[in-house]
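The values are calculated or read from the model by the stated rules, or taken from the named source; none is laboratory data. Just so we're clear, the structure is a prediction, and the values are computed from it rather than from any experiment. All Cβ positions, even for glycine, are placed from backbone atoms using ideal geometry, and neighbour counts span all protein chains on display.
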């Protein structure tokens, strides 16, 4: 039987390997949802968690929403969103501090004790996902038996949470940059279409835009699509 020292060595090796896998996933071409699923799956495996879930904060609604989990429990996966400051994970998101609970089934702060009873969830470690000192979500690890999470385990989960936060933020910035590029391109196309109408119909800039806008509203098509049709028609005439 392996000694305690050897078991601890194997555990550390597993944790390092898990962090390596997550780092590789972050720099891969995987979609965000796939990266987050890999993060919770690897974390659950190395931490021997019953359930590992990643929840993101909806800033407008001030709610935490499950974004990824390795759990096959339909009841857990469809549990209601958690308000900021509500329950244990809501407190973690609000205070930006990790929290561990020996038994969620006996903690009055836990808002889904019925699900915890049914799924045989016991101890919980919840850590915040941080981006520039701002909480964007939480990472939760549940065990099926009472467990006191060690400083090393908390450190590993915090590292995983930080890596998850990076990939989520990078994805958000990428989407925002794509939206900005599309908006700028649309603006250029609409400006060109306005100039065509101004030249052909003798309209003012404001009248040309209103004509494009009215056509957009009447046909329920985007302004860019109307502008592109004007440019296409103009190209066919020349």
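Among the residues in the stretch 35-49, are any in a loop (DSSP other than H, G, I, E, B), modelled with pLDDT of 85 or more and under 22 Å from residue 122 (Cα atoms)? Taking every residue of the stretch 35-49 in turn, none turns out to be in a loop (DSSP other than H, G, I, E, B), modelled with pLDDT of 85 or more and under 22 Å from residue 122 (Cα atoms).
Could you check the stretch 64-80 and list, in sequence order, the residues that are part of a strand (DSSP E or B) and in contact with a helix residue (DSSP H, G or I) (Cβ under 9 Å, 6 or more places away or on another chain)?
64, 66, 67, 68, 69
When the stretch 212-228 is limited to residues that are surrounded by 15 or more Cβ atoms within 10 Å (Cβ to Cβ) and either within 17 Å of residue 187 (Cβ to Cβ) or not assigned by TED's automatic domain parsing to the domain that holds residue 188 (or both), the one that is farthest from the chain's Cα centre (by Cα) turns out to be 212.
Listed here are the residues, each with its yes/no results for (1) at pLDDT below 90; (2) closer than 18 Å to residue 166 by Cβ; (3) surrounded by fewer than 13 Cβ atoms within 10 Å (Cβ to Cβ).
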| position | (1), (2), (3) |
| --- | --- |
| 55 | no, yes, no |
| 61 | no, no, yes |
| 71 | yes, no, no |
| 80 | yes, no, yes |
| 96 | no, yes, no |
| 114 | yes, no, yes |
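Every residue, every condition in (1) closer than 25 Å to residue 62 by Cα; (2) assigned by TED's automatic domain parsing to the domain that holds residue 119; (3) surrounded by 11 or more Cβ atoms within 10 Å (Cβ to Cβ); (4) at pLDDT below 90, yes or no:
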{"position": "136", "(1), (2), (3), (4)": "yes, yes, yes, no"}
{"position": "139", "(1), (2), (3), (4)": "yes, yes, yes, no"}
{"position": "142", "(1), (2), (3), (4)": "yes, yes, yes, no"}
{"position": "149", "(1), (2), (3), (4)": "no, yes, yes, no"}
{"position": "156", "(1), (2), (3), (4)": "no, yes, yes, yes"}
{"position": "161", "(1), (2), (3), (4)": "yes, yes, yes, yes"}
{"position": "165", "(1), (2), (3), (4)": "yes, yes, yes, yes"}
{"position": "185", "(1), (2), (3), (4)": "no, no, yes, yes"}
